[in-house]
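Only one structure is covered here, and it is reproduced in the block below.
The values are calculated or read from the model by the stated rules, or taken from the named source; none is laboratory data. Remember, predicted model here, so these are calculated numbers, not experimental data. Neighbour counts run over all protein chains shown; Cβ positions are idealised from the backbone, glycine included.
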Amino acid sequence: MEVLVSQIIQNKVLAAADAPIPVLTRRDAALPTIKGKAITVIGMRRAGKTSYLYQCRADYIAAGRTPSRLIYFNFEDERLGDIRADQLHLIADIHLRLFPEPENEPVTLFLDEIQIVPGWETFIRRLLDTAGYEVFLSGSSAKLLSREIATSMRGRAWEITIHPFSFKEFLRHHQKEIPAKTSAITNRKATALDHQFARYLEIGGFPEAQGLPTPERRQLLQGYIDVLLLRDVIERHQVANVTALRWLVRRLLSSPAGLFSVTKFAADMKSQGIAVGRETLYAYLSHIEDAFLLHTIPVATDSEKRRQVNPRKIYPADTALIPVFDRSGKRNTGHLLETAVFIELQRRQADISYVKTPDGYEVDFLARHPDNSEELIQVCTSIDDPGTLAREVRALQDAANEYPRAKQLILTLESRLPFPAVPPPIQVLPAWQWMLQAAEF
């Protein structure tokens with residue numbers, strides 16, 4: 001068996017050393033400059049984690065690194081089904097024997113789906129302690145999660161989360177012009193961006209779904225959800241009440257940007273003759289969120305009790321997932337837009353919550369960014385109606401009394417100018433302009 005594993009590993013290392021660079025849409029996730037950490041690439045299935053590893057390898061080659069010192073190794077290989085943790089050293093040993101030079105250049109291992117091998121963490125920690133090695137790790141989202149890595153790697157890992165395409169990446173993928181300065185473009189270009197943004201909300205950002213007809217795209221995404229639930233939730237967590245889990249997922253994905261209460265859902269399930277406890281539902285919700293299928297945000301408050309009492313808002317991992325469970329046949333542009341804004345805030349690594357003011361107004365997002373800045377954001381498809389505009393403005397003004405440092409924004413679907421006047425310091429922007437602005441500064 002040892003000889004067979006060694007031969008398989010040798011063949012894979014040789015193939016990886018000479019592998020051509022695939023042509024892929026460039027992702028904007030940046031590598032950290034910190035040294036001595038394993039780079040762990042996490043995110044929902046099919047969001048593009050493996051492609052990101054290829055991109056990193058290509059960047060190293062473009063910078064002058066030797067291709068044979070940059071080895072991509074995928075463990076999702078039926079020939080390696082019985083590989084043990086104590087055999088992982090063969091990858092480094094065989095590579096060193098095959099490619100001993102140049103000795104002054106590090107060896108970078110891109111290890112995809114390594115979580116398949118129980119006990120892999122010890123091997124990775126030893127590599128990090130060995131001079132001359134760099135390590136990238138990637139795997140199915142529920143197998144390589146941040147808190148698991150933090151525990152098993154003891155602070156030796158740095159996370160990079162890969163989401164489906166951002167709007168900028170979507171434009172790049174479809175070879176559309178990306179404006180260098182969104183505040184200085186012609187009306188014609190703004191109208192073109194309105195059109196592309198509407199397509200982005202509908203098609204979403206999963207790379208494999210681009211260019212597919214609507215029925216095929218929805219079938220593909222349904223398959224993503226089915227595989228995620230089976231492998232990353234049901235099998236991994238030994239879920240017993242699969243019926244309750246599927247009902248929960250259907251409810252959550254059919255109510256994007258909505259409020260969700262476990263207590264109320266448990267009562268609804270009981271009325272349908274499906275008995276499931278609240279603690280079980282809380283666990284299922286946690287498993288689903290850990291697998292990156294959807295995300296929840298709490299009400300903004302310093303009170304833990306108030307946070308627990310108030311329902312959480314639900315957002316799927318991509319706008320294209322929303323129609324999969326929406327049987328109404330209607331295109332709810334408001335939910336699509338709000339979800340896209342939420343995902344963009346996640347990309348910016350913001351701490352996100354929603355606001356309920358003492359006067360009963362609600363603001364969609366309070367975003368606290370890593371640079372300590374804050375944004376209060378209302379998302380609205382159109383502010384042409386005076387009543388709608390007055391309501392959005394009043395909510396922001398009321399919330400600003402609690403969060404006076406926060407920038408106040410209303411993000412809309414289109415760039416039809418001029419926008420109705422709003423009292424300062426509130427700003428109105430097309431959502432796509434706000435998204436593209438992140439790369440301008």
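Does Val249 meet the test of being more than 24 Å from Ile377 (Cβ to Cβ), among the hydrophobic types (A, V, I, L, M, F, W, C) and outside any helix (DSSP H, G or I)?
Values: more than 24 Å from Ile377 (Cβ to Cβ): yes; among the hydrophobic types (A, V, I, L, M, F, W, C): yes; outside any helix (DSSP H, G or I): no.
No: the conditions fail for Val249.
Can you tell me how many residues within the stretch 330-351 are within 23 Å of Phe197 (Cα to Cα) and in contact with a strand residue (DSSP E or B) (Cβ under 6 Å, 6 or more places away or on another chain)?
Filtering the stretch 330-351 for residues within 23 Å of Phe197 (Cα to Cα) gives 330-350.
Still in the list and also in contact with a strand residue (DSSP E or B) (Cβ under 6 Å, 6 or more places away or on another chain): 337-339, 341-342, 345, 350.
Summing the residues that are within 23 Å of Phe197 (Cα to Cα) and in contact with a strand residue (DSSP E or B) (Cβ under 6 Å, 6 or more places away or on another chain) in the stretch 330-351 gives 7.
Can you pull out the residues in the stretch 128-154 that are crowded, with 21+ Cβ neighbours inside 10 Å, at pLDDT 75 or above and aliphatic (A, V, I, L, M)?
Val135, Leu137
For the stretch 306-315, state whether one or more residues are in contact with a helix residue (DSSP H, G or I) (Cβ under 9 Å, 6 or more places away or on another chain), in contact (Cβ under 8 Å) with a residue 12 or more places away in the chain, assigned to a helix (DSSP H, G or I) and closer than 20 Å to Leu221 by Cβ.
Checked the stretch 306-315: no residue is in contact with a helix residue (DSSP H, G or I) (Cβ under 9 Å, 6 or more places away or on another chain), in contact (Cβ under 8 Å) with a residue 12 or more places away in the chain, assigned to a helix (DSSP H, G or I) and closer than 20 Å to Leu221 by Cβ.
For the stretch 375-397, indicate whether the set of residues that are assigned by TED's automatic domain parsing to the domain that holds Leu201, in contact with a Lys or Arg (Cβ under 7 Å, 6 or more places away or on another chain) and more than 18 Å from Val422 (Cβ to Cβ) is non-empty.
No, there is no match, as no residue in the stretch 375-397 is assigned by TED's automatic domain parsing to the domain that holds Leu201, in contact with a Lys or Arg (Cβ under 7 Å, 6 or more places away or on another chain) and more than 18 Å from Val422 (Cβ to Cβ).
Applying the selection to the stretch 286-326, what residues are farther than 16 Å from Phe365 by Cα, at pLDDT 95 or above and out of contact with any Leu (no Cβ under 7 Å at 6 or more places or on another chain)?
Asp318
Pairs, please: C-beta under 7 Å, at least 6 apart or cross-chain, first residue in contact (Cβ under 8 Å) with a residue 24 or more places away in the chain and in the stretch 280-298, second basic (Lys, Arg)?
So the pair list comes out as Thr296/Arg312; Thr296/Lys313; Ile297/Arg312; Ile297/Lys313; Pro298/Arg307; Pro298/Arg312.
Identify, from the list Arg368, Arg391, the residue that is surrounded by 14 or more Cβ atoms within 10 Å (Cβ to Cβ) and under 25 Å from Ile160 (Cα atoms). Outline the logic, then answer.
Numbers: Arg391 fails: under 25 Å from Ile160 (Cα atoms).
Testing whether each residue is surrounded by 14 or more Cβ atoms within 10 Å (Cβ to Cβ) and under 25 Å from Ile160 (Cα atoms) leaves just Arg368.
Would you check which residues across the stretch 195-218 are touching a Gly at 6+ places or on another chain (Cβ under 6 Å) and either surrounded by fewer than 12 Cβ atoms within 10 Å (Cβ to Cβ) or of a type in the set (A, V, I, L, M, F, W, C) (or both) and list them? Full working, then the answer.
The first filter runs over the stretch 195-218 and keeps only residues touching a Gly at 6+ places or on another chain (Cβ under 6 Å), leaving 207.
Listed by number, the list is empty, since nothing qualifies.
Which of the following residues is under 19 Å from the mean Cα position of the chain (by Cα) and either closer than 20 Å to Leu429 by Cα or part of a helix (DSSP H, G or I) (or both): Arg199, Arg188, Arg172? Let's see the steps before the verdict.
Working: Arg199 fails: under 19 Å from the mean Cα position of the chain (by Cα); Arg188 fails: under 19 Å from the mean Cα position of the chain (by Cα).
One residue alone meets the criteria, Arg172.
Please work out which residue is nearest to the chain's Cα centre (by Cα), limiting yourself to the stretch 292-318 and to residues that are more than 14 Å from Leu253 (Cα to Cα) and small (Gly, Ala, Ser).
Result: Ala300.
How about the stretch 123-139: which of its residues are outside any helix (DSSP H, G or I), in contact with a helix residue (DSSP H, G or I) (Cβ under 9 Å, 6 or more places away or on another chain) and not charged (D, E, K, R)?
Step one: list which residues in the stretch 123-139 are outside any helix (DSSP H, G or I), which gives 129-139.
Narrowing further to those that are in contact with a helix residue (DSSP H, G or I) (Cβ under 9 Å, 6 or more places away or on another chain): 130, 133-139.
Scanning the stretch 123-139 gives Thr130, Tyr133, Val135, Phe136, Leu137, Ser138, Gly139.
Tell me, please, whether a residue that is over 30 Å from Pro418 (Cα atoms) and touching a Pro at 6+ places or on another chain (Cβ under 9 Å) can be found in the stretch 233-255. Break it down into steps so the answer makes sense when it comes.
Kept after step one, since they are over 30 Å from Pro418 (Cα atoms), are these residues of the stretch 233-255: 233-255.
Retained after the next criterion (residues that are touching a Pro at 6+ places or on another chain (Cβ under 9 Å)): 252-253.
For the stretch 233-255, residues over 30 Å from Pro418 (Cα atoms) and touching a Pro at 6+ places or on another chain (Cβ under 9 Å): present.
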